[in-house]
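The block underneath contains the structure these notes are about, expressed in C-alpha cells.
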Amino acid sequence: MGDWFRTIVDTEATAEEAQELAAGLLDWLIADGYVVAERTDCVLGADAGHAPGPRYAEAVVEPDPGLAALWSNGLHITVERTVFDAGQGEPTAVTCPHCATEVPFVDERWMPVEGNWELFADAVHSWADGDDEPVACPSCGRTAPVHTWRWADDYFAFGRLGFTFWNWPELRPEFLAEFSRRLGGHRTVLLEGKL
Ligand SMILES: [Zn+2]
C-alpha cells in the first residue's frame, strides 16, 4: 500500500519569515476547520501533526470517506531548510533555468544516463546544510544555483517551509490559491509523492 503525501513548499520564505508564516497558516487551517488544533500521532516522519478537521472535505477535490480511519491522515509543517522530495522513485530530468535544456537522468528504457545525476548530486545533498552550489549546465555551460533548476514532476523542491498532508486526496485549486495568497504570493511547489 504505502502512504501518499502532498507537500506545499514555499520556495521563497526566508529563515526569518518561515516560523511566522507557519503559525499564520496553521491558525487559518484550524479556524476554518481544515485541521484540528490538537497535536496527535497522525503523521509519518515526525512526532505529531494535526488530524483532518470538520471541514477538511472543502480543501479537496473528492473527499475520501476512508481518510478518518487511516492512522496517517494529518498535516505536518516543516520549518527548516529542507530538500523536499517525492519519496519513492527517482528524479527523471531537470531543466536549465538559463537555456531551458532538459538534462535527463534516465533514458527511454529507464536506464540511468551516465554522468548526469553526478552533476547535481553533491549540490542537492548539501543544500539543506546551508550550501547552494552552482551547477554548470552541460548544454549552455552557464551555472545556476541548484535550487533554481526546475525538476521534472516537481521531484525536488528547495525551501524552508513545507506543509505536508498525509493521504489527503487531490487538493482543490481554490485551496492552493488561498494557501499561496496567505504565503504572501511566494512561489510554491506542490510536491506529490509516496513513502
Ligand atoms: Zn543551460
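Read-outs throughout are calculated quantities, based only on the coordinates presented, and are distinct from any laboratory measurement. The shown structure was predicted, so the numbers you read here are calculated from the model rather than taken from an experiment. All Cβ positions, glycine included, derive from the backbone under ideal geometry; neighbour counts span all protein chains shown.
One chain, two ends: Q19 and A69. Fully extended at 0.36 nm per residue, the span grows by 14.9 nm beyond their Cα-Cα distance.
The dipole here belongs to the chain: it is taken about the Cα centre, uses +1 on the Cβ of Lys and Arg and -1 on the Cβ of Asp and Glu, and is about 320 debye.
What is the chain's relative contact order, in percent, from Cα pairs under 8 angstrom and six or more apart in sequence? Could you put the intermediate results ahead of the total?
Working: 385 pairs, mean separation 75.0, N = 195.
Result for the chain is 38 percent.
Remark on the stretch 86-161: ratio of C-alpha radius of gyration to 2.2 N^0.38 Å is 1.05. Helix 116-127 versus the longest principal axis of the chain: what angle, 0 to 90°, nearest 10, using Cα atoms? So the inclination is approximately 50 degrees.
Listing V35, V79 from the residue with the fewest other Cβ atoms within 10 Å to the one with the most, what is the order? Can you show the working numbers first?
Details: V35 25, V79 16.
So the ranking, lowest neighbour count to highest, is V79, V35.
Any idea what the dipole of the stretch 91-154 comes to, in debye rounded to 20, about its Cα centre with Lys/Arg Cβ at +1 and Asp/Glu Cβ at -1?
On the way: 3 positive and 12 negative charges, 51 e Å.
About 240 debye.
Here the extension length gained between V113 and V61 equals 15.0 nm, from 0.36 nm per residue of separation less the Cα-Cα distance.
For the pair the stretch 144-184 / the stretch 19-67, the C-alpha centres are spaced 16 Å from each other. Exposure proxy shown here: for V61, V43, the number of other Cβ atoms within 10 Å sets the order, fewest to most, as V61, V43. Cβ crowding within 10 Å ranks L67, L161, L29 as L67, L29, L161, fewest other Cβ atoms first.
Based on the Cβ-Cβ distance of A128 and E170, what FRET efficiency does E = 1/(1 + (r/R0)^6) give at R0 = 30 Å, to the nearest 0.05?
Values: r = 28 Å, r/R0 = 0.93.
The value I calculate is 0.60.
Left without a cysteine partner by the 4.7 Å Cβ rule in the chain: C42. Relative to the dominant Cα principal axis of the chain, helix 15-31 is inclined by about 40°.
What share of the DSSP beta bridges in the chain is antiparallel, in percent to the nearest 5? List each step's numbers first, then the result.
Values: 36 of 37 bridges.
In the chain, approximately 95 percent of DSSP beta bridges are antiparallel ones.
Please find, in a Gaussian network model of the chain (springs between Cα atoms separated by less than 10 Å), the residue of R182, R109, R150 whose mean-square fluctuation is greatest. Largest GNM mean-square fluctuation: R109.
Helix 173-182 and the longest principal axis of the Cα set of the chain meet at an angle near 80°.
Seen from every direction in turn and averaged, the convex hull around the alpha carbons of the chain projects onto 11.8 nm². Taken one residue at a time, the phi angles of the stretch 162-168 give Karplus couplings (6.51, -1.76, 1.60, θ = phi - 60°) of x, 10, 9, 9, 7, 6, 6 Hz. Gly and Pro are set to x. Compared with the direct C-alpha span, the chain from A31 to R150 gains 39.4 nm at full extension, assuming 0.36 nm per residue.
Suppose only helical runs count, i.e. DSSP H with n ≥ 4. What mean residue ellipticity at 222 nm does that imply for the chain under -39500 (n - 2.57) per run, divided by all residues and rounded to the nearest 500 deg cm²/dmol?
Numbers: 3 runs with 39 residues, N = 195.
So the calculated ellipticity at 222 nm is -6500 deg cm²/dmol.
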